[in-house]
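Written out below as structure tokens is the structure these notes cover.
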Amino acid sequence: MAGIKIATIGGGSSYTPELVEGFLKRYETLPVRELWLADIPEGEEKMNIVAALARRMTEKAGVPMEIHTTLDRRKALEGADFVTTQLRVGQLAARIKDERIPLKHGILGQETNGAGGLFKGLRTIPVIMDICRDMEELCPEAWLINFTNPVGMVTEAIHRFTGFRKMIGLCNVPIGMHKAIADKLGRPMDEVEVTFGGLNHMVFATRVVADGEDVTEKILRDWGSQSVMNITGISWNPEFVQELGILPCSYHRYYYMTKEYLAEELEQYGKHELRAELVKAVEDELFQLYQDSSLCEKPKLLEKRGGAYYSDAACNLIHSLYNDLGDIQTVNTVNQGAIDNFEDEEIVEVSCAITKDGPRPVKVGRLPKAVNGLVQQIKSFEIAGSTAAVTGDRKKALLALMINPLVMSQKTAVEVLEELLEAHKQYLPQFFR
């Protein structure tokens, strides 16, 4: 029977059961007949464990969705209608280095921000570019839905340095913000309209509407400690948020409360309790659960993994693309004049109408002058970082680090650059030719 083929690169991810759940519950309007999980040899054991759980979930749901596994990415991509990427080059061991090495030098260590975020991008971008080249050959009509971090930098690199144009970057932060806003209003999410604009992990809610009334001011007064799983929710000063005029996301805390978060992470560093190290423990426990032959659903523990809503957001995005719904979702795509602070061809995270032809950005206008300096700094960091990833130019990598406000020191930038390059040498051949 005819149906949709989806290829998931990084199929051994602990998030895959949520992806499967999302496809199963949408099957009537998104008939996924084949889900191909592809991974590398190092991820084969986890992929097989996840695939077995996915088959049990599919059987319980009574849905004729075939689950395939392969170590041959090209086989998974051939004839695919949609491709999702949820990979981690170097696995969690690399993330631990990204977090610990900057902290050793007295600067924030974080998976997608600062020095750690840069190096995740340097390792990831060449791999995603290879996937795009394979897609152009094997499934040229397919959309690539990427939720591999750092999403903004990865999407910027693909748009800037390839001719591939069917890629959409996806993050769960706007969904978490939307839910938090709706909760504050005591309303379900579908009754609250939130407009988003900015960059990945630097997105703002610019307008909130309920019952046709603009209630942004109300939320600005009460934004409080809203946060995501992996960031402690230090409360926002309400006077600051009101004066800013737009709602910051959880990751803005690293830039507006740098001293507090650096002190917190340095304490965790000494105890070996950094987020990456805690995630490793959660992931180990998850895969123990996944091996239980009686488990036929996504376990509650997965919420502790930190990426809540990621996979469901991907399913929702694919559903809207497939059915040409035109509903509003927040994605990373080409600006096209939506946000006046950025060039038309730069990648932004923005509310879009999702159609079969891709995202159509909603006009956001100009972000306040108070945030313009910061968002421009981070956009220039993304551009320098993506250029370094593609060229293997150490000077570009140093430029990216020096631009980033979380690095704060030329001496530290040089030392961290050299140590992280050496630590990840096997995944960064472009820098060691």
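The ratio of the alpha-carbon radius of gyration of segment 308-362 to the globular-protein estimate 2.2 N^0.38 Å is 1.13. For segment 227-287, the mean projected area of the C-alpha convex hull, equal to one quarter of the hull surface, is 4.9 nm².
When all alpha-carbon pairs of segment 5-106 are counted, what percent fall beyond 18 Å?
Of the Cα pairs, 49 percent sit more than 18 Å apart.
For segment 57-70, 3J(HN,Hα) computed residue by residue from phi via the Karplus equation (6.51, -1.76, 1.60; θ = phi - 60°) reads 4, 5, 5, 4, 6, x, 10, x, 9, 7, 9, 10, 10, 7 Hz, glycine and proline entered as x. Here segment 125-191 yields Rg over Rh of 1.17, to two decimals, using C-alpha coordinates and the Kirkwood radius.
The relative contact order of the chain comes to 18 percent, based on Cα pairs under 8 Å that sit 6 or more residues apart. Residues whose amide H falls under 5 Å from that of residue 4, counting only those 5 or more places apart or on a different chain, are 32, 33, 34, with hydrogens built in the peptide plane. Here the mean projected area of the convex hull built on the C-alpha positions of segment 271-371 is 10.2 nm². Dipole magnitude for segment 127-234: about 280 debye, using +1 per Lys or Arg Cβ and -1 per Asp or Glu Cβ, origin at the Cα centre. A dipole drawn for the chain from +1 and -1 charges on Cβ atoms has a positive end, and of 353, 32, 234 the residue lying farthest that way is 234.
Residue 310 exposes around 20 Å² of accessible area when a 1.4 Å probe is run over every protein chain in place.
From the convex hull of the Cα coordinates of the chain, what is the mean projected area in square nanometres?
So the mean shadow area of the Cα hull is 19.7 nm².
Past the 25 Å Cα-Cα mark, which pairs from 5/166; 5/425; 304/411; 179/298? Table pairs above 25 Å Cα-Cα are 5/425; 304/411.
In this structure, the amide hydrogen of residue 68, modeled 1.01 Å from its nitrogen in the peptide plane, lies closer than 5 angstrom to those of 35, 36, 37, counting only residues at least 5 positions away or on a different chain. Residue by residue, segment 418-432 carries 3J(HN,Hα) couplings of 5, 5, 6, 4, 5, 5, 10, 3, 5, 9, 10, x, 4, 8, 10 Hz when phi is fed to the Karplus relation 6.51 cos²θ - 1.76 cosθ + 1.60 (θ = phi - 60°); x denotes Gly or Pro.
Taking every C-alpha pair closer than 8 Å and separated by at least 6 residues, the mean separation divided by the residue count of segment 80-129 gives a relative contact order of 28 percent.
Of the options 71, 87, 124, report the single residue whose Cα projects farthest towards the positive end of the charge dipole of segment 1-126 (beta-carbon charges: Lys, Arg +1; Asp, Glu -1). Positive-end residue among those listed: 124.
The amide H of residue 327, built 1.01 Å from its N in the peptide plane, has 354 as neighbours under 5 Å, considering only residues 5 or more places off or on other chains.
Which listed residue (317, 416, 333) has the Cα farthest towards the positive end of the charge dipole for the chain, taking +1 on Lys and Arg C-beta and -1 on Asp and Glu C-beta about the Cα centre? Checking the options against the dipole of the chain, the answer is 416. Shape descriptor for segment 153-281: Rg over Rh equals 1.03 (Cα atoms; Rh from the Kirkwood inverse mean 1/r).
Taken about its Cα centre, the chain carries a charge dipole of roughly 660 debye when the Cβ of each Lys and Arg holds +1 and the Cβ of each Asp and Glu holds -1.
Evaluated at 10 °C with a viscosity of 1.306 mPa s, what Stokes-Einstein diffusion coefficient in µm²/s does segment 355-422 have when Rh comes from the Kirkwood expression over alpha-carbon pairs?
The Stokes-Einstein estimate is 114 µm²/s.
Remark: segment 38-54, residue by residue, has Karplus-estimated 3J(HN,Hα) of 10, 8, 9, x, 5, x, 5, 4, 5, 4, 5, 5, 5, 4, 4, 5, 4 Hz, where x stands for each Gly or Pro and the curve is 6.51 cos²θ - 1.76 cosθ + 1.60 at θ = phi - 60°. Here residue 379 is the anchor, and the lysines within straight C-alpha reach of less than 20 Å, apart from those fewer than 8 places off in the same chain, are 120, 363, 369, 395, 396.
Taking the chain as a Gaussian network of alpha-carbon nodes connected by springs under 10 Å, the highest mean-square fluctuation of the residues 51, 94, 182 belongs to 182. Annotation: aspartates and glutamates with alpha-carbon distance below 13 angstrom to residue 259 (same-chain offsets under eight excluded): 267.
The values are calculated or read from the model by the stated rules, or taken from the named source; none is laboratory data. Remember, predicted model here, so these are calculated numbers, not experimental data. Cβ coordinates were reconstructed from backbone atoms using ideal geometry, including for glycine residues, and neighbour counts include every protein chain displayed. Protein only, heavy atoms only, side chains kept; ligands, DNA and RNA dropped before computing areas. Shrake-Rupley method; radii C 1.70, N 1.55, O 1.52, S 1.80 Å.
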